[in-house]
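J.: Take this structure, written in structure tokens, and hold onto it; I'll ask about it next.
The values are calculated or read from the model by the stated rules, or taken from the named source; none is laboratory data. Because the structure is a prediction, the values reported are computed rather than measured. Positions of Cβ are generated from backbone atoms using ideal geometry, with glycine treated the same way; all protein chains shown enter the neighbour counts.
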Protein chains: 2
Amino acid sequence: MKEWIIFLGYISWIIPTYSQIRYVNANQFPLIGKISDKTETRYERLPATLKDRCRPPLWKLGKNTSGLAIRFCSNSSTISAKWEVLNNTHMDHMTDVGCKGLDLYAWEGDHWQFVNSARPTGKVNEKQIIMNMAPEEREYLLFLPLYDGVVSLSIGVDSLATIKQPNLTYPKTDSPIIIYGTSITQGGCAARPGMSFSNILTRRLNQEVINLGFSGNGKLDYEIAGTMAKRHDAALFILDFIPNVNEEQIKEKTATFVSILRKENPNTPILFVESVIFPHSLYDKIAFDIVTKKNKALKQEVEKLKQSGNKNIYYLSSVNIIGNDGEATVDGIHFTDLGFVRMAEILQER
Amino acid sequence: MKEWIIFLGYISWIIPTYSQIRYVNANQFPLIGKISDKTETRYERLPATLKDRCRPPLWKLGKNTSGLAIRFCSNSSTISAKWEVLNNTHMDHMTDVGCKGLDLYAWEGDHWQFVNSARPTGKVNEKQIIMNMAPEEREYLLFLPLYDGVVSLSIGVDSLATIKQPNLTYPKTDSPIIIYGTSITQGGCAARPGMSFSNILTRRLNQEVINLGFSGNGKLDYEIAGTMAKRHDAALFILDFIPNVNEEQIKEKTATFVSILRKENPNTPILFVESVIFPHSLYDKIAFDIVTKKNKALKQEVEKLKQSGNKNIYYLSSVNIIGNDGEATVDGIHFTDLGFVRMAEILQER
């Protein structure tokens, strides 16, 4: 309290901190990370046409907002958020912040800089994300929950501050990277939404990265390939599905999945990603053998694709994806922020 | 299922996986990380004599098992655990695995290797940590919860396997490092128990590191200095309390705290650690100012100690402790595994 009074004496611009917060509906601001605008509600990933055509667990996971982010501009000295999540998800190996919180970044001239996360308390949440800022106009990027849906979202600013459409068109949205995959792709288990590897790439490349990670359900569903194929503007398709399919499914479905992408996108680069040799499988010999065999099956399928004349096919070996010290997962499988940073660095180098 | 049958055909040693689990009470195995053996129950940190002498929140946090780890040896093909926690802690910015789970490592000749974590389900838990191992004798290190207490703990092995006292006396316990500090020292917010910086150091140095981190309560209590001072065998005292004290408390209490340590340990090295300039304080100017002033006050106190003839006083500046990209925390303050690995590397270099 004493410190607070001392500060008040000479930092005049902090006064707005204590003024009333004005909330505006985030619906009016650009949303990046969607494969299609034709969704049932605004904050979800799969087009409404898939509702009765894809497997129900896939449809349900499509309502998780992984990879989605709001862009806005404000000169407020504080930023707050009110948000209601869909399922109030809790998982024992992931923080609630990562599952159902928000994560705010600001543009600093040449990079996106972490501002702070919004820690959720339940289904309906209100949090002040940052305060005591110099009241300068900044461009913001607000990442949405990785493992929950968003029913509604409002952004709060000082009552007299402006909040408006972004001035910059960053991250660039003209040629998105589209990543298809598993729980790891969806962001399991980043500590906060900004730390999934797709969101790290969004920032580092300053390029929209569309997340089609479906926890436990990256099973080469052809409806997803069809949805991806419609994005003729894609710069790159990354396919990271191995942990969710077995050897037979890899052999049976990979070529067809790719043919659906290729029909409308004959030259778009496709990067296949091997499954990480999960750290615990240094000891669990069956887990090791399963992953190794599946990676081998993937490599064979990719060779066949190349031999049949498919161009622009790339392959990322599991070596070094999350380092080799065994430290980068929470449970032997799902990545921590340490694992996601390492994976983003490997992908960025490609 | 098909894969399971295929494996059974040629890996005969996996058969014990499917045998019954035999649980043994972990009480019989060595426990590292305690400042004193004279505690009220086995799995807690503060000596019983402090019960009515220290502040109640400090006493309560002493019952959290951060830094404690069990050592045992087994040739089992599976390792399981049954454990009951004290409070069934949940925090929105930390995983349940980190708060109240377990984390298993094995000795691999020259380093401790991650095996897997045990994910908790509630107050009473039973989990198979690893299976399908070659049934070879291994030395294990099992880290206990960071933000909860342990009421009871049993370790499960295959019914016919051995589980016994460790053959090796690693991590070395003859000259422990003793770390005193805040929530960050206690391990907030590592994804699993092994990833707090004190536990990372335990493994990397193969040296017992005693954790006296007390969430929100690293307030230079003299009773803690007195408890630390009794460990004349300490190789190093690390003092990392800045986030929990204000400028006045630093000026008022640092010298006395050190004098208590020095009375019985005139030459033991003491490393003072500045507070990290928290990533969110790039924007929150008051947070920045408070931390900067407190670090400056610490530096002044440390200079005074040196000038008054105190030997073996070291100082770690906040620069680079968790890197400078702003990415290493979950909430602007508490470290993720990324932050803890970076901090452990900086400390290891010292």
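Conditions (1) among the hydrophobic types (A, V, I, L, M, F, W, C); (2) closer than 18 Å to B:Met195 by Cβ, marked per residue:
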| residue | (1), (2) |
| --- | --- |
| B:Asp52 | no, no |
| B:Thr78 | no, no |
| B:Glu84 | no, no |
| B:Gly101 | no, yes |
| B:Leu141 | yes, yes |
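J.: State all residues of the stretch A:202-229 that are touching a Leu at 6+ places or on another chain (Cβ under 7 Å) and within 26 Å of A:Pro30 (Cβ to Cβ); if no residue qualifies, say none. Can you show your working first?
T.: Taking the stretch A:202-229 and keeping what is touching a Leu at 6+ places or on another chain (Cβ under 7 Å), we get A:209, A:214-215, A:217, A:221, A:223-225, A:227-229.
Once the filter is applied, which keeps residues that are touching a Leu at 6+ places or on another chain (Cβ under 7 Å) and within 26 Å of A:Pro30 (Cβ to Cβ), the stretch A:202-229 yields A:Val209, A:Phe214, A:Ile224, A:Thr227, A:Met228, A:Ala229.
Every residue, every condition in (1) touching a residue at least 24 places away in the same chain (Cβ under 8 Å); (2) assigned by TED's automatic domain parsing to the domain that holds A:Arg203; (3) touching a strand residue (DSSP E or B) at 6+ places or on another chain (Cβ under 8 Å); (4) not basic (Lys, Arg), yes or no:
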site	(1), (2), (3), (4)
A:Gly101	yes, no, yes, yes
A:Asn116	no, no, yes, yes
A:Lys123	yes, no, yes, no
A:Gly156	yes, no, yes, yes
A:Thr185	yes, yes, yes, yes
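J.: Give the residue that is nearest to the other protein chains (Cβ to nearest Cβ), with candidates limited to residues of the stretch A:271-301 that are farther than 27 Å from B:Met131 by Cβ and hydrophobic (A, V, I, L, M, F, W, C).
T.: Top of the filtered list is A:Phe272.
J.: Okay, next question. Can you tell me which condition A:Ser74 does not meet? The list is (1) within 14 Å of chain B (Cβ to nearest Cβ); (2) in contact with a Lys or Arg (Cβ under 6 Å, 6 or more places away or on another chain); (3) at negative phi, and all the others hold.
T.: (2)
J.: Suppose we filter the stretch B:45-77 for residues that are under 23 Å from B:Thr202 (Cα atoms) and in a loop (DSSP other than H, G, I, E, B); how many remain? Before the answer, list the steps.
T.: Keep residues of the stretch B:45-77 that are under 23 Å from B:Thr202 (Cα atoms), which gives B:45-47, B:61-74.
Okay, now just the ones that are also in a loop (DSSP other than H, G, I, E, B), so B:45-46, B:63-68.
Number of matching residues: 8.
J.: I'm trying to understand the selection: among the residues of the stretch B:108-142, which are away from chain A (no Cβ under 13 Å) and closer than 16 Å to B:Ala191 by Cα?
T.: If the condition is that a residue be away from chain A (no Cβ under 13 Å) and closer than 16 Å to B:Ala191 by Cα, then B:Leu142 is the only one that fits.
J.: Right, another one. When you check B:Thr65 against the structure, is it polar (S, T, N, Q) and more than 9 Å from every other protein chain (Cβ to nearest Cβ), yes or no? Break it down into steps so the answer makes sense when it comes.
T.: Working: polar (S, T, N, Q): yes; more than 9 Å from every other protein chain (Cβ to nearest Cβ): yes.
Judged against the criteria, B:Thr65 is a match.
J.: Which one is farthest from the chain's Cα centre (by Cα), of the residues in the stretch B:83-102 that are within 8 Å of chain A (Cβ to nearest Cβ) and of a type in the set (D, E, K, R)?
T.: So the residue we want is B:Asp92.
J.: Take the residues in the stretch B:302-350 that are of a type in the set (D, E, K, R) and either within 18 Å of the chain's Cα centre (by Cα) or within 14 Å of chain A (Cβ to nearest Cβ) (or both); name whichever of them is surrounded by the fewest Cβ atoms within 10 Å (Cβ to Cβ).
T.: Filtering the stretch B:302-350 for residues of a type in the set (D, E, K, R) gives B:303-304, B:306, B:311, B:325, B:327, B:331, B:337, B:342, B:345, B:349-350.
Filter once more, keeping what is either within 18 Å of the chain's Cα centre (by Cα) or within 14 Å of chain A (Cβ to nearest Cβ) (or both): B:325, B:327, B:331, B:337, B:342, B:345.
Details: B:Asp325: 13, B:Glu327: 22, B:Asp331: 26, B:Asp337: 28, B:Arg342: 22, B:Glu345: 15.
Per the criteria, the residue is B:Asp325.
J.: All but one of (1) surrounded by fewer than 21 Cβ atoms within 10 Å (Cβ to Cβ); (2) away from chain B (no Cβ under 13 Å); (3) closer than 30 Å to B:Ala118 by Cα hold for A:Ser80; state the number of the condition that does not hold.
T.: Only one criterion in (1) surrounded by fewer than 21 Cβ atoms within 10 Å (Cβ to Cβ); (2) away from chain B (no Cβ under 13 Å); (3) closer than 30 Å to B:Ala118 by Cα is unmet by A:Ser80, namely (3).
J.: Out of all the residues in the stretch A:24-38, is one or more aromatic (Phe, Trp, Tyr), at pLDDT 95 or above and either touching a helix residue (DSSP H, G or I) at 6+ places or on another chain (Cβ under 6 Å) or surrounded by fewer than 16 Cβ atoms within 10 Å (Cβ to Cβ) (or both)? Even if it seems obvious, please write down each step before you answer.
T.: Let us first name the residues in the stretch A:24-38 that are aromatic (Phe, Trp, Tyr), namely A:29.
In the following step, the residues that additionally are at pLDDT 95 or above were identified as A:29.
Pick out the ones that are also either touching a helix residue (DSSP H, G or I) at 6+ places or on another chain (Cβ under 6 Å) or surrounded by fewer than 16 Cβ atoms within 10 Å (Cβ to Cβ) (or both) and you get none.
There is no residue in the stretch A:24-38 that is aromatic (Phe, Trp, Tyr), at pLDDT 95 or above and either touching a helix residue (DSSP H, G or I) at 6+ places or on another chain (Cβ under 6 Å) or surrounded by fewer than 16 Cβ atoms within 10 Å (Cβ to Cβ) (or both).
J.: Would a scan of the stretch B:184-194 turn up a residue that is out of contact with any Pro (no Cβ under 9 Å at 6 or more places or on another chain), surrounded by fewer than 21 Cβ atoms within 10 Å (Cβ to Cβ), more than 14 Å from every other protein chain (Cβ to nearest Cβ) and among the β-branched types (Val, Ile, Thr)?
T.: Filtering the stretch B:184-194 down to residues out of contact with any Pro (no Cβ under 9 Å at 6 or more places or on another chain) leaves B:185-186, B:188-192, B:194.
Applying the additional criterion that residues be surrounded by fewer than 21 Cβ atoms within 10 Å (Cβ to Cβ) yields none.
The answer is no, given that none of the residues of the stretch B:184-194 is out of contact with any Pro (no Cβ under 9 Å at 6 or more places or on another chain), surrounded by fewer than 21 Cβ atoms within 10 Å (Cβ to Cβ), more than 14 Å from every other protein chain (Cβ to nearest Cβ) and among the β-branched types (Val, Ile, Thr).
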